[in-house]
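See below for the structure under consideration.
The values are calculated or read from the model by the stated rules, or taken from the named source; none is laboratory data. Treat the numbers as computed from the prediction; the structure is a model and nothing was measured. Neighbour counts run over all protein chains shown; Cβ positions are idealised from the backbone, glycine included.
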Amino acid sequence: MPPIEAPDAFSLYVDTHLARAASSFQSERLAWFRTGAPHEELNGMLYATSADLNAAGTELAGVPALWHSWPERPEFDVEAQLRARGFEFVEEEPIMTLAFGSGSGEPTAARPGPATVRRVETERDLAVWEEVWRGEAPNPATLRALASAGLGANRTVHHLLAEVDGVAVGCGAAVVAGRTLAVEHIVTVASHRRRGIGSQLTAAALAVGRSHGARHAILTASPDGAGIYERLGFERREPVRRFVAPTATG
């Protein structure tokens with residue numbers, strides 16, 4: 001089998017975010033997605049030229065959102081313009097990709113560990129998932145947005161729960177967009193960290209991708225977590241910097 005060509009990480013990132021929302025837009029100059037949930041990770045301006053920031057603001061009015069700036073892409077490096085508008089910096093993370101079948105430590109089966117990982121199939125389980133992810137009681141509006149893309153036969157988001165002795169201790173998500181899988185929302189509760197549960201969830205998400213014929217996986221990682229994903233075969237591609245509007249802070 002010939003080697004799988006390295007993907008355009010930027011395009012994969014955009015595609016897997018557009019896939020999770022009923023309302024979205026993409027052109028050469030602007031891309032945004034909106035689930036309507038009151039959580040900034042579920043709405044966002046994915047890229048924009050400086051001239052298109054006002055249009056993005058109109059589309060994302062009324063919901064918290066993450067606004068992206070791309071330091072290595074001059075046309076979409078809008079950090080200065082966002083800061084001038086009062087936006088606040090949240091984080092910089094590397095985009096990382098993995099080509100399925102490339103080896104490099106890529107997990108090929110369920111990863112052993114202390115937790116049992118299963119897919120979420122009911123709204124009740126999805127409420128548990130949200131509580132683990134957010135660290136607080138589920139929000140009905142967020143739950144509705146999660147369910148619209150994450151339940152049913154045609155779902156694009158496959159939510160995962162990690163359980164120990166029947167208690168949820170971690171969560172993750174696998175977003176399928178065509179031949180691409182995004183690994184998202186990997187969270188382990190504080191009492192069970194550093195036990196390999198995050199790696200179990202990542203391996204389970206990758207298994208979802210394989211079952212849907214994905215050729216590439218993509219994720220973003222905190223600086224501290226990037227090494228874990230590199231050991232699983234992911235490669236760093238380019239950084240993305242995220243901001244929130246002034247009304248979304250505090």
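Numerical summary
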quantity: Condition met for THR16 (under 29 Å from VAL169 (Cα atoms), of a type in the set (Ser, Thr, Tyr) and modelled with pLDDT under 95); calculated: no
quantity: Only listed residue being of a type in the set (A, V, I, L, M, F, W, C), out of contact with any His (no Cβ under 9 Å at 6 or more places or on another chain) and assigned to a helix (DSSP H, G or I), chosen from ALA145, ALA127; calculated: ALA127
quantity: Every pair of residues 6+ apart whose Cβ atoms lie under 9 Å, when the first sits in the range 188-210 and is more than 25 Å from GLU136 (Cβ to Cβ) while the second is modelled with pLDDT under 90 and not in a loop (DSSP other than H, G, I, E, B); calculated: SER199/ILE228; SER199/ARG231
quantity: Set VAL187, VAL244, VAL240: member being touching a Cys at 6+ places or on another chain (Cβ under 6 Å) and closer than 30 Å to GLU79 by Cα; calculated: VAL187
quantity: Qualifying residues in the range 79-126 (those that are among the aromatic types (Phe, Trp, Tyr) and crowded, with 16+ Cβ neighbours inside 10 Å) - the one modelled with the highest pLDDT; calculated: PHE87
quantity: Criterion: closer than 26 Å to SER24 by Cβ, out of contact with any helix residue (DSSP H, G or I) (no Cβ under 6 Å at 6 or more places or on another chain) and not aliphatic (A, V, I, L, M) - qualifying residue of ARG118, ARG215, ARG193; calculated: ARG215
quantity: Qualifying residue in the range 25-34 (condition: modelled with pLDDT under 95 and in a loop (DSSP other than H, G, I, E, B)); calculated: no
quantity: Counted residues, the range 45-78 - those being at positive phi and buried (at least 18 other Cβ atoms within 10 Å of the Cβ); calculated: 0
quantity: Tally of residues being of a type in the set (S, T, N, Q), touching a helix residue (DSSP H, G or I) at 6+ places or on another chain (Cβ under 9 Å) and touching a residue at least 12 places away in the same chain (Cβ under 8 Å) across the range 1-42; calculated: 3
quantity: Test set (1) touching a helix residue (DSSP H, G or I) at 6+ places or on another chain (Cβ under 8 Å); (2) at positive phi; (3) surrounded by 17 or more Cβ atoms within 10 Å (Cβ to Cβ); (4) not basic (Lys, Arg) - GLY178 fails condition number; calculated: (3)
quantity: Residue count for the range 213-224, restricted to those that are surrounded by fewer than 16 Cβ atoms within 10 Å (Cβ to Cβ) and either touching a residue at least 24 places away in the same chain (Cβ under 8 Å) or over 21 Å from PRO71 (Cα atoms) (or both); calculated: 3
quantity: Selection from the range 45-94 of residues that are within 18 Å of GLU238 (Cα to Cα), touching a residue at least 60 places away in the same chain (Cβ under 8 Å) and part of a loop (DSSP other than H, G, I, E, B); calculated: TRP70, PRO71, GLU72, ARG73
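The rows are residues; the columns are (1) within 22 Å of SER23 (Cβ to Cβ); (2) touching a Lys or Arg at 6+ places or on another chain (Cβ under 7 Å); (3) buried (at least 16 other Cβ atoms within 10 Å of the Cβ).
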position	(1), (2), (3)
GLU130	yes, no, yes
ALA137	no, no, no
ARG144	yes, no, no
ASN154	yes, no, no
ALA162	no, no, yes
VAL167	no, no, no
CYS171	no, no, yes
THR188	no, no, yes
